[in-house]
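Working notes, beginning with the structure itself.
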Amino acid sequence: MKQAVGARGTVFPKEFDRAGAAELACRLLMSFLLGRTRVFGGIVPFGVAFTAASGGGVWGVTALLGSILGALTAGSFGWSVKYIAILCLTFAAVHFFKASAPWWFSMAAAFGFTLVIGGVYVLDSGWEVTATVMWVVESFFAGGFVYFYETALNARGDKGGRALRASRAASIILLGATLLMSLAALEPFGVLSIGRVLAVICVLFVSFRGGMSMGCVTAAALGAAMDVAQGGLPFFTLSYVFSALIAGVFSRDARLTFTLAWVASTAVTVLWFWRFYRWFPALFETFAASVCFMLLPEELLARFSVYLPREGSGYGYLRAREYTRERVDRCSAAFKGLYDSLRVRAGDDESEAPALVYDRASEAVCRSCPNAARCWQEEYVDTLDVMNAMTPVLMEKGAVEAGDLPDRFTRRCNRLERLLAQINSEARAYLTRRSFRTQLRESRGAAYEQYDDISRILASLSKELGGEIEVEPELEKRLRKYLRGLAMDASVAVFRLRGGRLRAEIKSQSLKLLKRDRKWLDSLSSVLGVRLCSPDTGDDERLVLMEAEPLAVTVGSSAAKKSGESVSGDRCLCFRTDEGILYVLLSDGMGSGHEAAKMASGAASVTERFLRAGVSPELTLDILSSLCLLRNEESLESATVDLLRLDMFSGEARLYKYGAAPSYLRRGSSVKRVGGSALPVGFADKSSAGKAVTRLTLQAGDMLLMASDGLTAGKDDKLLRQHLASDESDPQALARALLTDANKATGAEDDMTVIVVKVEERA
């Protein structure tokens, strides 16, 4: 219904359609029922509250007329004049001042006018105790229920978070309870109360579809309303809550089982109160309500279940937190594995002994001395004692003099000055080497500890909720409503991963209800507003849905080992992350055979672990380079890395080339060469990162070729370009043909691997 704002901010209908007319009729009926609802023997506060909550304009006029009609039918004209005066004054105040007044003005108006006008009647009664108490209660009810009626009638509660949504749900229950209180007095044939039958049906429905908690809350509200309307013992409150509690245990069973549990629970409460009052009508009302509830179509229950708050709405936040923790745990495990492998490889560092100083000095000076046999054979023990006694001085001062030696040794040594000079020279070299080894050992130990520190830091961060995942509560709500419409009891989680890709998870024991429709995936795509795909990561009770990438990639590969070798020194792998990023990696170990294969496999394994853990390619390759440098203590250990990172949503790609052969991009009929100038990992430092990466955008129809250097063996790439520029569209066939011709041209002088990546639009 179209609306326009009046001069004082009041909303007036501009034109009526069927929905607008139906809403006016509903408000008129509700105000009529609330205007005639008498509680505690004679007060009628709910019509005043509803009129104040409806505001000014046509909605307020409708509520005012309905409430006046209700008051006129609830008692004599003289009795109803009081409420007509309160209603008219309240409507006038709200109509003229609500737009510029604070939010609590409607509550204050209803409370104030009820208090003032009611006070006149209490004064006339001589301040009789019961009348005075009812006057105060009526004033507070009239003002307090304005808040609940406003919350129930307006949609603002759906936009203010969990607290306001819960407030609106409670307000709707209170509105329904006060409406049923008016119908509770309708007892055809003096046997059944229409209001109580409807109340039992409502509680049955909420308990069955909303669960035990929601059912008990509704039962308490409606039971209290029926007790207030009846004016006796709190039988209905106890009966409804007890029945909702017992029957709620069977809310996930068949409807018949649930209903029988409700009937049996009501019978128990009737027997419980038997000595106070024989509540036969409650049994009849429960039986009538149970029959009506069983006859309700399943489609109708499913449709109205959409409007029920459900338990477990925080599952989405829980899954987002768990997903983040799983990613950080994988990254932590990767660092921990790296640290363990380096620590085991390091072993115990054997230091050079100081005795080597004397061995080298004597070899250079004493070998040609005529007295060498006497000093180093006949008097070997004495010479050795002299050297051992000289060692502390030498290590402390860094040099020795003749005065540091005993006289017996200086008298017999013919080359004392030369020997001391050589010892001091060797000592300086020894101390320098020892200092270098100490620094190197400390640096390596620090590097090892850094990886362990990173692992422990990530392990602690895994306990915290990540900031890169964005939960989508509105999409969760839409998905939950759709599943309830299929009569599915499910927990759902909808959130966006790093990079913005939508991920949805459905946990339910009734997934077969969803998949019985052949187009269930299209239906869910329509609900969430994006095209979905279902990776094979779920189980029988858990379904994982991902936003489908607009691009599809086909990868073909072919490999051959060097002639005379049993294994190839090349390693390649291809995988896709949850964020929709495709990685293609080709690594060529230095040399050939088993050692080269070991280097390439190690580089590929480390790179894959970190990339899957969510570490950026730049940081991953820096870590790999550091690893190779740390391992190059005695022998060179290196491998080339050719890495493609492709975003399958945008087509943005990056090629990282550390010592790798050039790649070739075919677009249409043209072929472009893409190379890099960085050294292989193990030789490259962080300053080489800019030389290693090439940024490009891949489009549908593009084909990218990655190959190890053995494919051309340093020769012309003319044949390679011709193959790539051909009309061949099958990546696997193209890779196989390239490898066959290269094998003929080069004679398999080196390991050869060809990878062809073709980009297409997803069908």
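The values are calculated or read from the model by the stated rules, or taken from the named source; none is laboratory data. What you see is a predicted model, and the numbers here were worked out from it, not measured in a lab. Note that we place each Cβ from the backbone using ideal geometry, even for glycine, and neighbour counts take in every protein chain shown.
Quick one: in the stretch 569-589, which of the residues that are in a loop (DSSP other than H, G, I, E, B) and crowded, with 20+ Cβ neighbours inside 10 Å is modelled with the highest pLDDT? This residue is G580. Here F236, F205 are screened, and the one residue that is part of a helix (DSSP H, G or I) and closer than 30 Å to L513 by Cα is F205. V81 falls short on exactly one of the conditions (1) more than 20 Å from L24 (Cβ to Cβ); (2) among the aliphatic types (A, V, I, L, M); (3) in contact (Cβ under 8 Å) with a residue 40 or more places away in the chain, and that condition is (3).
Taken as a whole, the stretch 519-538 holds no residue that is more than 15 Å from the chain's Cα centre (by Cα), surrounded by 18 or more Cβ atoms within 10 Å (Cβ to Cβ), of a type in the set (A, V, I, L, M) and in a loop (DSSP other than H, G, I, E, B). Of the residues in the stretch 265-274, none is among the aliphatic types (A, V, I, L, M) and in a loop (DSSP other than H, G, I, E, B). Within the stretch 241-270, residues that are under 22 Å from M488 (Cβ atoms) and assigned by TED's automatic domain parsing to the domain that holds M214 have Cβ atoms under 8 Å from residues that are aromatic (F, W, Y) and outside any helix (DSSP H, G or I) in these pairs: T257/F250; F258/F250, counting only partners at least 6 apart in sequence or on another chain. The residues listed here are A733, A700; of these, the one that is outside any helix (DSSP H, G or I) and either in the same structural domain as R645 (by TED's automatic domain parsing) or not charged (D, E, K, R) (or both) is A700. In the stretch 50-75, the residues that are closer than 18 Å to G144 by Cα form no Cβ pair under 7 Å with any partner that is modelled with pLDDT of 90 or more and basic (K, R), whether six or more places apart or across chains. If you go through the stretch 90-116 and keep only what is modelled with pLDDT of 85 or more and among the aliphatic types (A, V, I, L, M), you end up with A92, A93, V94, M107, A108, A109, A110, L115, V116. Of the helices (runs of 4 or more DSSP H) contained entirely in the stretch 364-465, those carrying at least 2 residues that are at pLDDT below 80 and of a type in the set (G, A, S) fall at 416-461.
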